[in-house]
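Asks: My structure is below; once you've seen it, I'll send some questions.
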Amino acid sequence: MLQAGSAEIAEILFNLTGVPVLREGLVFRLASVNIEVARECSGIRSTIALFILALPVVHYGLHSLWKKLFFLACAFFMMILKNGMRIVTLTLLAMYVDPSFLFGKLHRDGGIVFFLLGLLLLLPVLLLLQRGESPALAGTKELAASSGQRN
């Protein structure tokens, strides 16, 4: 699912950039390079890492169940989005700068850069969901509700 989702996002991003591309499943044929979104390119490790990071965030930062589930769904989507961005970025760098970008250091070790980009994209979602979820406010509402029950 991550592999196919990353290919879908990559196709959308290639179309947005105006780069002519022919897609055949997980293979992209461009003017000077052909790439395949391999199983290793699915982003599974960074997705697992993000979910491990997201669990304490939703536990301590969000109170309602729907917001927690929505945030986790957004986290999953952001990982697919950042992986598609990584595929497109490396491919465009290989086409227009140097073909070694497809096999070089950024390809092998650049995952952290794109992982951080995914986190940055997810931060506004968290901040938006946290609106109105003040723990002090929740305690006040509970106190008011319990005092209303006594009367």
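The values are calculated or read from the model by the stated rules, or taken from the named source; none is laboratory data. Note that this is a predicted model, so its numbers are computed, not measured. Neighbour counts are summed over all protein chains in view; Cβ atoms, including those assigned to glycine, are modelled from backbone coordinates with ideal geometry. For accessibility, only protein heavy atoms count, side chains too; no ligands or nucleic acids. Shrake-Rupley method; radii C 1.70, N 1.55, O 1.52, S 1.80 Å.
Asks: Would you be able to tell me the number of residues in region 117-151 that are modelled with pLDDT of 65 or more, of a type outside the set (D, E, K, R) and open to solvent by 90 Å² or more (accessible area, probe 1.4 Å)?
Replies: Adding up the residues that qualify gives 3.
Asks: Ok, one more. Working carefully through the options Ala75, Ala49, Ala4, find the one that is in a helix (DSSP H, G or I), within 11 Å of the chain's Cα centre (by Cα) and of a type outside the set (Lys, Arg).
Replies: Details: Ala49 fails: within 11 Å of the chain's Cα centre (by Cα); Ala4 fails: within 11 Å of the chain's Cα centre (by Cα).
Going through Ala75, Ala49, Ala4 in turn, the sole match is Ala75.
Asks: Which residue pairs have Cβ atoms under 6 Å apart, sit 6 or more places apart or on different chains, and have a first residue in region 45-67 that is touching a residue at least 24 places away in the same chain (Cβ under 8 Å) and a second that is outside any helix (DSSP H, G or I) and surrounded by 11 or more Cβ atoms within 10 Å (Cβ to Cβ)?
Replies: The qualifying pairs are His63/Glu133.
Asks: Continuing with this model, one more query. Report the residue count in region 7-46 for those that are of a type in the set (Asp, Glu), under 22 Å from the mean Cα position of the chain (by Cα) and either more than 22 Å from Ile112 (Cα to Cα) or open to solvent by less than 80 Å² (accessible area, probe 1.4 Å) (or both).
Replies: 1
Asks: Among the residues of region 50-66, count how many are surrounded by fewer than 12 Cβ atoms within 10 Å (Cβ to Cβ), farther than 21 Å from Phe114 by Cβ and either touching a Cys at 6+ places or on another chain (Cβ under 6 Å) or aliphatic (A, V, I, L, M) (or both).
Replies: 1
Asks: Report yes if Ser100 is surrounded by fewer than 17 Cβ atoms within 10 Å (Cβ to Cβ), at pLDDT below 90, touching an Asp or Glu at 6+ places or on another chain (Cβ under 8 Å) and among the hydroxyl-bearing types (Ser, Thr, Tyr), otherwise no.
Replies: So Ser100 fails the test.
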